[in-house]
Each structure stands twice: as structure tokens, then as C-alpha cells.
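Asker: Shown below is the structure under consideration.
The values are calculated or read from the model by the stated rules, or taken from the named source; none is laboratory data. Remember, predicted model here, so these are calculated numbers, not experimental data. Cβ: placed from backbone, ideal geometry, glycine included. Neighbour counts: every protein chain shown. The protein model used for the area step is the full one, side chains on, heavy atoms only, and it has no ligands, DNA or RNA in it. Shrake-Rupley method; radii C 1.70, N 1.55, O 1.52, S 1.80 Å.
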Amino acid sequence: MVGNVRKYSRMSTWFLTCIFSLLCHVYLAQKSINIPFTSYAFGLQKMDFFHQASVGIQRPKVRLELQQGFGQRNLASGVVFSQTGIQGAYSIQLGNASLHPFLRYSFGLLGKPFGFHYHRAELGMLCIFEWSRFTKIPVDLMCSSGIGRGREIQSPSSKNGYLEYSINLGLQYAFK
């Protein structure tokens with residue numbers, strides 16, 4: 001039974017990844033302006049503190065991003081773990097700022113003494129304030145917040161779902 005669940009989980013993950021990749025390829029293959037960017041953010045997710053780096057592509061109406069973060073369960077624990085994620089957002093321009101309602105999926109692995117892996121799906125809002133619109137070094141201020149559903153899996157018989165939230169503050173460098 002457990003083998004079937006794991007096999008189904010792996011197959012559905014690969015299927016969703018292939019569909020997402022195909023949709024990204026079709027969308028990015030269209031002739032338009034692509035602005036690559038890189039960013040750094042510090043954030044709080046439920047009870048975890050995260051440092052997160054990301055790379056992505058900003059298009060006129062869509063923003064796609066790959067994220068890699070490292071965090072701690074709490075400041076006193078000393079246990080460091082990683083989180084990898086993908087985020088897609090719709091872009092709304094407002095003068096010197098832009099709003100990006102997003103959907104983010106992340107997964108990670110937390111080692112001993114906790115010993116589990118987790119998955120997070122989150123809806124939220126990203127706001128980017130363009131500090132340097134007319135300078136040669138376009139560094140922008142980012143702020144995001146979201147709420148979603150998380151799931152921690154310690155063993156096949158121990159699965160815990162919970163309400164997830166995050167608050168992030170960071171900087172973005174766009175290669176304009």
C-alpha cells in the first residue's frame with residue numbers, strides 16, 4: 001500500500017512538472033520582452049526563518065521564478081534545512097511599483113532530530129517598489145506575504161497538515 005502511494009506521488013509530481021514545463025516553454029517561446037532577474041529575501045514562514053535566493057523571468061504580464069532557501073526551525077535550534085520552490089505570478093504595473101498575485105509551491109527536507117519532509121502550496125501578493133528606475137544598477141525593494149496549506153510527512157503513518165503563512169522582505173536585481 002505504501003509503495004503504491006509513493007509511486008502515485010512521484011508520478012503525479014513528474015506529470016505536473018512536465019505540464020508546467022510545457023506551458024512555460026509555449027508561453028516563453030512567444031516573441032516578447034523577457035527581463036531576467038535575481039533576488040534575495042529574508043522571511044518568516046510559520047515558525048521558520050529563511051534566507052532565500054531566486055532567479056526568474058519577468059514578462060509584461062507574467063513572472064516565473066525558481067527559489068532556493070535555507071532556514072532554521074527557530075533561532076535557538078541551530079537546525080538548518082533547505083527549501084526549493086517554484087512561483088508563478090500575474091503582473092500589474094502601478095507607476096513605480098508593481099503588484100504580483102502569486103501561486104507558490106515549495107518542498108523541503110528537515111533533518112534530525114525532526115526528520116521529515118514537507119510540501120507547501122501558497123497564494124499571496126508580491127509588491128515590488130522600483131527604487132532605481134533611472135539608474136544603471138536597477139535594484140528594487142520586494143515585499144511579499146501569503147497564506148496556504150502545508151503538509152509535513154515524517155513517516156507513511158505520520159502526516160500532518162497545517163495552515164501556512166509567510167512574510168518576506170528582500171532586494172531584486174533586474175537585468176534590464
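Asker: Can you tell me how many residues within the stretch 154-176 are part of a strand (DSSP E or B), farther than 19 Å from GLY69 by Cα and either in contact with a His (Cβ under 6 Å, 6 or more places away or on another chain) or hydrophobic (A, V, I, L, M, F, W, C) (or both)? Spell out the reasoning first.
Answerer: So in the stretch 154-176, the residues part of a strand (DSSP E or B) come out as 154-155, 158-174.
Then keep just the ones that are farther than 19 Å from GLY69 by Cα; that gives 154-155, 158-163, 174.
Narrowing further to those that are either in contact with a His (Cβ under 6 Å, 6 or more places away or on another chain) or hydrophobic (A, V, I, L, M, F, W, C) (or both): 163, 174.
Counting residues in the stretch 154-176 that are part of a strand (DSSP E or B), farther than 19 Å from GLY69 by Cα and either in contact with a His (Cβ under 6 Å, 6 or more places away or on another chain) or hydrophobic (A, V, I, L, M, F, W, C) (or both) gives 2.
Asker: Same structure, new question: Could you tell me whether any residue of the stretch 49-61 is at pLDDT 90 or above, out of contact with any Cys (no Cβ under 7 Å at 6 or more places or on another chain) and farther than 19 Å from GLN172 by Cβ?
Answerer: no
Asker: Select from the stretch 135-164 the residues that are of a type in the set (Ser, Thr, Tyr) and modelled with pLDDT of 90 or more and write down the one among them that is least open to solvent (accessible area, probe 1.4 Å).
Answerer: Taking the stretch 135-164 first, the residues of a type in the set (Ser, Thr, Tyr) are 135, 144-145, 155, 157-158, 162.
Now narrow it down to the ones that are modelled with pLDDT of 90 or more: 144-145.
Working: SER144: 10, SER145: 59 Å².
Taking the candidates together, the pick is SER144.
Asker: Select from the stretch 87-108 the residues that are open to solvent by 20 Å² or more (accessible area, probe 1.4 Å) and under 23 Å from ASP48 (Cα atoms) and list them in ascending order.
Answerer: GLY88, PRO101, LEU103, TYR105, PHE107
Asker: Consider the stretch 41-56. How many of its residues are surrounded by 20 or more Cβ atoms within 10 Å (Cβ to Cβ) and among the aliphatic types (A, V, I, L, M)?
Answerer: 1
Asker: Which residues, taken from the stretch 62-80, are modelled with pLDDT under 80 and either farther than 17 Å from ASN168 by Cα or touching a His at 6+ places or on another chain (Cβ under 7 Å) (or both)?
Answerer: Within the stretch 62-80, ALA76, SER77, GLY78, VAL79, VAL80 qualify.
Asker: Restricting attention to the stretch 84-129, and to residues there that are under 10 Å from the mean Cα position of the chain (by Cα) and of a type in the set (D, E, K, R), which single residue is modelled with the lowest pLDDT? Show your work before the answer.
Answerer: Looking only at the stretch 84-129, we keep the residues that are under 10 Å from the mean Cα position of the chain (by Cα), and these are 84-88, 102-107, 120-122.
Then keep just the ones that are of a type in the set (D, E, K, R); that gives 104, 120, 122.
Numbers: ARG104: 92, ARG120: 88, GLU122: 91.
Only one residue tops the list, namely ARG120.
Asker: A further question follows. Please go through (1) at pLDDT below 90; (2) small (Gly, Ala, Ser); (3) assigned to a strand (DSSP E or B) for SER132 and return the number of the only condition it doesn't satisfy.
Answerer: (3)
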